[in-house]
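A.B. asks: This is the structure I have questions about; it appears just below.
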Amino acid sequence: MTDSPPPGDPTITEFAVVLNDLHRVLDRHMARDFPHPKPPDNQLALLRLVGARDGITVREAAESLLMQPTNVSMLVSQLVASGALTRVQDSGDRRVAHLHVTPEARRRIDQSNAAMGNVLAEGLRRMDPDQAADVLRAVPALAALLGALS
């Protein structure tokens, strides 16, 4: 493990601010350019998780998203009502439900991911090529950071 800046280091703080601002800019582009209404962030996070882990339970989703099971259950109810998720009772334990993304929701998630990728690609094209390459090389490390924080 390499030495990393201590908590409170200005570089860490700047990194946190840049990530937050990048998220906000992506949200604004998506609100303007994406043809479908963007679900709230918590719903979108749950949809992406279920899309990646088909059949996940509410409890597993709550653990993965670092949320209370009751809050995830509420999100599931909203997404089932909107037609984005289906909930299938476990054959061995009727208290457990397995979650599945509907085909239409999966198409929209894929379209949303592609649209965000297009926004980022445009930004990378406007950058210095070496800096753009640095950003892309950082993706595995950022994914590892996400895993470490999750």
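A.B. asks: Restricting to helices (runs of 4 or more DSSP H) lying wholly in region 1-87: which have 2 or more residues that are open to solvent by 40 Å² or more (accessible area, probe 1.4 Å) and closer than 23 Å to residue 122 by Cα?
C.D. replies: Because the criterion is at least 2 residues that are open to solvent by 40 Å² or more (accessible area, probe 1.4 Å) and closer than 23 Å to residue 122 by Cα, the helices (runs of 4 or more DSSP H) in region 1-87 that meet it are 10-33.
A.B. asks: Another question, then. Which one of these is modelled with pLDDT of 90 or more, more than 29 Å from residue 118 (Cβ to Cβ) and of a type outside the set (Lys, Arg): 64, 77?
C.D. replies: 77 is the lone residue from the list that is modelled with pLDDT of 90 or more, more than 29 Å from residue 118 (Cβ to Cβ) and of a type outside the set (Lys, Arg).
A.B. asks: Going by what's in this entry, would residue 65 be described as within 30 Å of residue 5 (Cα to Cα) and under 16 Å from the mean Cα position of the chain (by Cα)?
C.D. replies: Yes: the conditions hold for residue 65.
A.B. asks: Now, a different point. Just checking, how many residues over region 101-124 are in contact (Cβ under 8 Å) with a residue 40 or more places away in the chain, of a type outside the set (Val, Ile, Thr) and open to solvent by less than 50 Å² (accessible area, probe 1.4 Å)?
C.D. replies: Number of matching residues: 4.
A.B. asks: Here's a check for you: in region 31-76, which residue that is touching a residue at least 24 places away in the same chain (Cβ under 8 Å) and among the acidic types (Asp, Glu) is farthest from residue 101 (Cα to Cα)?
C.D. replies: That would be 33.
A.B. asks: Tell me, which residue of region 125-139 that is open to solvent by 50 Å² or more (accessible area, probe 1.4 Å) and not charged (D, E, K, R) is farthest from residue 59 (Cα to Cα)?
C.D. replies: Applying the filter and picking the extreme gives 129.
A.B. asks: Which of the residues belonging to region 110-124 are at pLDDT below 90 and under 13 Å from residue 135 (Cβ atoms)?
C.D. replies: Of everything in region 110-124, nothing turns out to be at pLDDT below 90 and under 13 Å from residue 135 (Cβ atoms).
The values are calculated or read from the model by the stated rules, or taken from the named source; none is laboratory data. Remember, predicted model here, so these are calculated numbers, not experimental data. Glycine gets a Cβ as well: all are built from the backbone with ideal geometry, and neighbour counts include every protein chain shown. Protein only, heavy atoms only, side chains kept; ligands, DNA and RNA dropped before computing areas. Shrake-Rupley method; radii C 1.70, N 1.55, O 1.52, S 1.80 Å.
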